[in-house]
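First comes the structure, then the notes that go with it.
Only the coordinates and a few stated rules stand behind these numbers; no lab work does. Because the structure is a prediction, the values reported are computed rather than measured. Quick reminder, even Gly has a Cβ in these numbers, built from the backbone with ideal geometry, and neighbours come from all protein chains shown.
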Amino acid sequence: MNQPLAYIHPGAKIEKKVVVEPFTTINKDVEIGEGTWIGSNVTIMEGARIGKNCFIFPGSVISGIPQDLKFDNEDSLAVIGDNTTIRECVTINRGTAERGRTKIGDNCLIMAYSHIAHDCTVGNHCIFSNGSTLAGHIDIGNHVILAGLVAIHQFCTVGDYAFIAGGSLVRKDVPPYVKAAREPLSYAGINSIGLRRKGFETEKIHEIQNIYRIIFQSKYNYSQAADIIEADLKATSERDEILQFLRDSKRGIMKGYVCLLYTSPSPRDRQKSRMPSSA
């Protein structure tokens, strides 16, 4: 159903059963899959490729021109997979000449006011909470959850099944299966609840925990830890994925486990704090 109060360029390809609400603008070189709903006041610009059965809520801007000073109006895409929901006022910019596309996977939920910049790649089944912000050239794995107001530095990578706590500033790569929190961003255990919800067995979760104890809670640096894990632990797909992530990291891995201890002041310190100054 196409509203007469919406503008749809004749060059746009709109499949059957697509609903376009009033006051939405759809430019040329846009493709929208069957069963997708486009809310009112949405702007879909050139280069958008939107899959089937998506929901795009009011105020969103899809396939906007990249905020990259090197962008020279080259042809590029913003690709959104099937069954993905994009809530109010989300902005997703298309790619530049470097990668040629920004890509969001299938079955994702991108909550209100999130921003995904040029040349990002987001996997399947990801959830970005309100106000999540991705700079350019970021790679996000599958089943990743970003809590509210997470900001990720350009060129970072986040592994599969990772969970990043709200308000985190991500400057380094976040390996798969972990929770990341605190400032500076640090290892906060593995995402055991998320893994159980996704069907991981207890034995597999313990295996992943043992791997990360060597990486983050031992005296070894990351290179030494990787060698020890490869030599001493049984080869599994999860072990190999973690090792490959460590070795492929270009920005470096986030900090290890940080134990924050509060030490109450000693009686001597309390006495000094009560003494009048000599001034």
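Here are the numbers for the structure shown:
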item	result
Sites residue 232 and residue 198, calculated FRET efficiency, Cβ-Cβ separation with R0 35 Å, nearest 0.05	0.85
Under 22 Å from residue 179, Cα to Cα: lysines that are on another chain or at least 8 residues apart	198, 204, 219, 250, 255
Mean separation of Cα contacts under 8 Å, 6 or more apart, over the residue count of segment 1-110: relative contact order %	19 percent
Potential lengthening between residue 149 and residue 69 on full extension [0.36 nm per residue; Cα-Cα distance subtracted]	26.3 nm
Residue 182 paired with residue 250, simple spin-label distance in nm, labels 7 Å along Cα-to-beta-carbon	2.9 nm
Taking 237, 63, 129 and counting other C-beta atoms within 10 Å, the order from fewest to most	237, 129, 63
Likely footprinting exposure, 177, 212, fewest C-beta neighbours within 10 Å first	212, 177
Rotationally averaged projected area of the chain (alpha carbon convex hull; nm²)	21.8 nm²
Partners for residue 17 among lysines (Cα-Cα distance below 16 Å; same-chain residues under 8 apart left out)	52
Whole-angstrom gap from segment 31-73 to segment 166-208, using each part's C-alpha centre	31 Å
The chain, dipole about Cα centre (Lys/Arg Cβ +1, Asp/Glu Cβ -1), debye to the nearest 20	1240 debye
Using alpha-carbon coordinates, inclination of helix 237-248 to the longest axis of the chain, degrees	90 degrees
Förster radius 25 Å - calculated FRET efficiency between residue 3 and residue 97, Cβ distance, rounded to 0.05	0.10
